[in-house]
1. Only one of these is small (Gly, Ala, Ser) and within 15 Å of the chain's Cα centre (by Cα): ALA177, ALA134. Name it.
2. If we scan segment 42-53, do we find a residue that is modelled with pLDDT under 95 and within 18 Å of VAL99 (Cβ to Cβ)?
3. Report yes if ILE59 is β-branched (Val, Ile, Thr), within 21 Å of ALA43 (Cα to Cα) and under 14 Å from the mean Cα position of the chain (by Cα), otherwise no.
4. Among the candidates THR84, THR120, THR141, which residue alone is touching a Leu at 6+ places or on another chain (Cβ under 7 Å) and more than 22 Å from LEU46 (Cα to Cα)?
5. What is the residue count in segment 81-140 for residues that are among the charged types (D, E, K, R), within 14 Å of GLY67 (Cβ to Cβ) and in a strand (DSSP E or B)?
6. Show the residue pairs meeting these rules: Cβ distance below 8 Å; 6+ apart or different chains; first residue within segment 195-208 and in a loop (DSSP other than H, G, I, E, B); second residue buried (at least 16 other Cβ atoms within 10 Å of the Cβ) and small (Gly, Ala, Ser).
7. Based on this model, can you work out whether LYS136 counts as under 15 Å from GLY63 (Cα atoms), among the basic types (Lys, Arg) and crowded, with 17+ Cβ neighbours inside 10 Å?
8. I'm trying to understand the selection: among the residues of segment 97-112, which are closer than 14 Å to ILE83 by Cα and touching a residue at least 12 places away in the same chain (Cβ under 8 Å)?
Amino acid sequence: MSYNSIENYAINHCFEESVHLTEIAELTENELQYSDMLSGKMAVGLLRLLIKTGGYKNILEVGMFTGYATLGMAEILPEDGKITTIEMNDRYKGIAERVFEKSESSKKIEILFGNAREITKNLSESYDLIFLDADKQFYPTYYETLKPKLKSGGLLVADNVFWSGTVLTQEDRKSKAIAEFNKIVKDDPDMEQVMLTVRDGVLIARKC
């Protein structure tokens, strides 16, 4: 059995997408060249379970893309929950907003438009869960900025921590930066972490 076959089997046994999530996936596939940047059902299903299990209400997403993970998390937040998401690409933001406006969960979403490295420095809130999925070459910088904003007992979830396996060879800036980030988290005594082979690698770290 091929890996792709078992991965498809796993995807088919994840949560059922809402019509709005399906629309985001379809718009991304039809309108963008790099639709593989979309967070898949496995990663978003994992995020949803983590949020529900932890009873989390205040979420920060660094790197929205077209909003699949954003809306997927917002849908299962309680009515007083909130997800703050950051995106600097106007086209990606436009696709997300076209669908968000049709969903009742949009009232739980706040989009901050601009450079995430600058925006995160000025955030004053503390978060229950932070989902990091922005420009990979700055993952170590984001970690330095975001760790103080994560509540004790909160989770940092980072996507693409394998970078298609290139963290093993570190042949470019992004793979080197991600490998550095992975090591920083692993060596941080304030964090308890696990790395999962979900899609392109997901790192989950709990702040002690």
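1. On the way: ALA177 fails: within 15 Å of the chain's Cα centre (by Cα).
It is ALA134.
2. There is no residue in segment 42-53 that is modelled with pLDDT under 95 and within 18 Å of VAL99 (Cβ to Cβ).
3. On the way: β-branched (Val, Ile, Thr): yes; within 21 Å of ALA43 (Cα to Cα): yes; under 14 Å from the mean Cα position of the chain (by Cα): yes.
In short, yes.
4. Working: THR84 fails: more than 22 Å from LEU46 (Cα to Cα); THR141 fails: touching a Leu at 6+ places or on another chain (Cβ under 7 Å).
None of the other options fit; the residue is THR120.
5. If we filter segment 81-140 for residues that are among the charged types (D, E, K, R), which is where we start, we get 82, 87, 90-91, 93, 97-98, 101-102, 104, 107-108, 110, 117-118, 121, 125, 128, 133, 135-136.
Of the ones still in play, those that are also within 14 Å of GLY67 (Cβ to Cβ) are 87, 90-91, 93, 97-98, 101-102, 108, 110, 133.
Subset that is in a strand (DSSP E or B): 87, 110.
So the count comes out to 2.
6. VAL198/ALA43; ARG199/GLY40; ARG199/ALA43
7. Working: under 15 Å from GLY63 (Cα atoms): yes; among the basic types (Lys, Arg): yes; crowded, with 17+ Cβ neighbours inside 10 Å: yes.
The answer is yes for LYS136.
8. Result: PHE100, SER105, SER106, LYS108, ILE109, GLU110, ILE111, LEU112.
The values are calculated or read from the model by the stated rules, or taken from the named source; none is laboratory data. Quick caveat, the model's predicted, so the values are computed rather than measured. Heads up, the Cβs are rebuilt from the backbone with ideal geometry, glycines too, and the neighbour counts pull from every protein chain shown.
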